[in-house]
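Report on the following structure.
The values are calculated or read from the model by the stated rules, or taken from the named source; none is laboratory data. These figures come from a predicted structure and were not determined experimentally. Here the Cβ is made from the backbone with ideal geometry for all residues, glycine too, and neighbour counts use every protein chain on show.
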Amino acid sequence: MRDGYSLKTVKNHIAVEALFARAAELGIITSIPRLPKVYPPVPKFDHLTIEEAERVIAATPPERQTWVLLLMRTGIRLGEALALKSRT
């Protein structure tokens, strides 16, 4: 079941679990308290329809279409795509 906690709360929860584990390793505590599982909210995705994607590609200059297709088909961020280097 998804609790819908914020991402910050989930990260804090993970940090506390790690802190307890480390304290147990060092012998500071004798057992690790059981904490409830927490999950971030399920992200809402707004995908392009096939028709919308085709319109984006058609409106893109030919020399940029490869980049647009890369972004659309892989889901990588623009900065990641720009950081790609050719191996030739």
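Annotations for the structure displayed:
- Looking only at region 50-75, and only at residues there that are part of a loop (DSSP other than H, G, I, E, B) and modelled with pLDDT of 90 or more, the one that is surrounded by the most Cβ atoms within 10 Å (Cβ to Cβ): Thr60
- Here is the figure for region 3-32: residues that are in a loop (DSSP other than H, G, I, E, B), surrounded by fewer than 12 Cβ atoms within 10 Å (Cβ to Cβ) and either in contact with a Lys or Arg (Cβ under 8 Å, 6 or more places away or on another chain) or of a type in the set (A, V, I, L, M, F, W, C) (or both) total 2.
- Near pairs, Cβ below 7 angstrom, 6+ apart or cross-chain, from region 70-85 (within 22 Å of Ile50 (Cβ to Cβ) and not assigned by TED's automatic domain parsing to the domain that holds Glu54) to any residue that is loosely packed, with under 10 Cβ neighbours inside 10 Å and β-branched (Val, Ile, Thr): none
- Candidates Glu80, Glu54 - the one that is out of contact with any helix residue (DSSP H, G or I) (no Cβ under 8 Å at 6 or more places or on another chain), among the acidic types (Asp, Glu) and over 30 Å from Leu7 (Cβ atoms): Glu54
- In region 36-49, the qualifying residues are those that are of a type in the set (A, V, I, L, M) and loosely packed, with under 12 Cβ neighbours inside 10 Å, and the one that is nearest to Lys8 (Cα to Cα) is Val42.
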